[in-house]
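Student: Let me give you the structure first, and then I'll get to my questions.
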Amino acid sequence: MKIYILPIYFILILHACTPATEIQNEWTAPDQKKDSTKLFQKILFVALLKDNAARRIAEDKLVAEVKGRGVASYNYLPGINTQTSESVIAGKLRQDGFDGVMVMRLITLTKNAGYVGGGYPSYYNSWYSYYSSTYPGFNDPNYYLSGTAYNVETNVYSLATNKLVWTGITSAVNTTDTNKMIDNIIAAIKRKMRSQGFIK
């Protein structure tokens, strides 16, 4: 299937399936054009899902989907701590040829995360401020609690503008089967983008 997409929708060469997971809330940057067909050439995938094992599974799946244009953050970011200057990290990403970043994370159903009424918290403005603000929670042993219901929030950033260009929150996900959870999330994003005319 050939896909004509916005730069942000680089994860959408996906498996055919019909899961229950849906995108229930979303926001797209007002200046983002739907008629762009330029793909990101190199994407950093960050999946703060459940634990480090789930992170590796998710990032490897996403890297496989974009066929040579993606890099898993668990391979790229281990030597970078969240206190490192954002300008230093931005310089390294540019030097290494990245032009897009996608960050996914679990959020509890009761957590007021993401955008409200078209806006979002200031730390969402750039991928690194979002990552450095949310990673400590993921690194906490109590980040994931068995039996708790979660949504998954997905943010997509353009490194050309260093801005958030799309964010979406899934309906509740089943975290007991990591592979199925991740496949369902990816498929839900594909359905949403197709319904809005971002992909064909």
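Student: Yes or no: Thr148 out of contact with any Gly (no Cβ under 8 Å at 6 or more places or on another chain) and modelled with pLDDT under 80?
Tutor: Judged against the criteria, Thr148 is a match.
Student: For the stretch 127-173, which positions are in contact (Cβ under 8 Å) with a residue 12 or more places away in the chain and β-branched (Val, Ile, Thr)?
Tutor: Once the filter is applied, which keeps residues that are in contact (Cβ under 8 Å) with a residue 12 or more places away in the chain and β-branched (Val, Ile, Thr), the stretch 127-173 yields Thr134, Thr148, Val152, Thr154, Val156, Val165, Thr167, Ile169, Thr170, Val173.
One line per residue, one yes/no per condition, for (1) under 21 Å from Ser158 (Cβ atoms); (2) at pLDDT below 85; (3) in contact with a strand residue (DSSP E or B) (Cβ under 7 Å, 6 or more places away or on another chain):
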residue: Met1; (1), (2), (3): no, yes, no
residue: Glu26; (1), (2), (3): yes, yes, yes
residue: Asp31; (1), (2), (3): yes, yes, no
residue: Phe40; (1), (2), (3): yes, yes, yes
residue: Ala53; (1), (2), (3): no, no, no
residue: Glu59; (1), (2), (3): yes, no, yes
residue: Leu62; (1), (2), (3): yes, no, yes
residue: Tyr76; (1), (2), (3): yes, no, yes
residue: Asn81; (1), (2), (3): no, yes, no
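Student: Further, regarding this structure: Given the options Asn162, Asn174, name the one that is at pLDDT below 80 and touching a helix residue (DSSP H, G or I) at 6+ places or on another chain (Cβ under 8 Å).
Tutor: Working: Asn162 fails: at pLDDT below 80.
From the options Asn162, Asn174, the qualifying one is Asn174.
Student: Which pairs have Cβ atoms under 9 Å, sit 6 or more apart or on different chains, and link a residue in the stretch 16-35 that is more than 15 Å from Ile185 (Cβ to Cβ) and among the aliphatic types (A, V, I, L, M) to one that is in a strand (DSSP E or B) and at pLDDT 80 or above?
Tutor: Close Cβ pairs satisfying both conditions: Ala29/Ser158; Ala29/Lys163; Ala29/Leu164; Ala29/Val165; Ala29/Trp166.
Results for (1) within 24 Å of Asp60 (Cβ to Cβ); (2) among the small types (Gly, Ala, Ser); (3) under 12 Å from the mean Cα position of the chain (by Cα), shown as yes or no for each residue.
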{"residue": "Pro136", "(1), (2), (3)": "yes, no, no"}
{"residue": "Asp140", "(1), (2), (3)": "yes, no, no"}
{"residue": "Ser146", "(1), (2), (3)": "yes, yes, no"}
{"residue": "Tyr157", "(1), (2), (3)": "yes, no, yes"}
{"residue": "Thr161", "(1), (2), (3)": "no, no, no"}
{"residue": "Thr167", "(1), (2), (3)": "yes, no, yes"}
{"residue": "Ile189", "(1), (2), (3)": "yes, no, yes"}
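The values are calculated or read from the model by the stated rules, or taken from the named source; none is laboratory data. The model shown is predicted, which means the values in this text are computed figures rather than measured ones. Don't worry about glycine lacking a Cβ; one is built from the backbone with ideal geometry, like all the others, and counts go over all protein chains shown.
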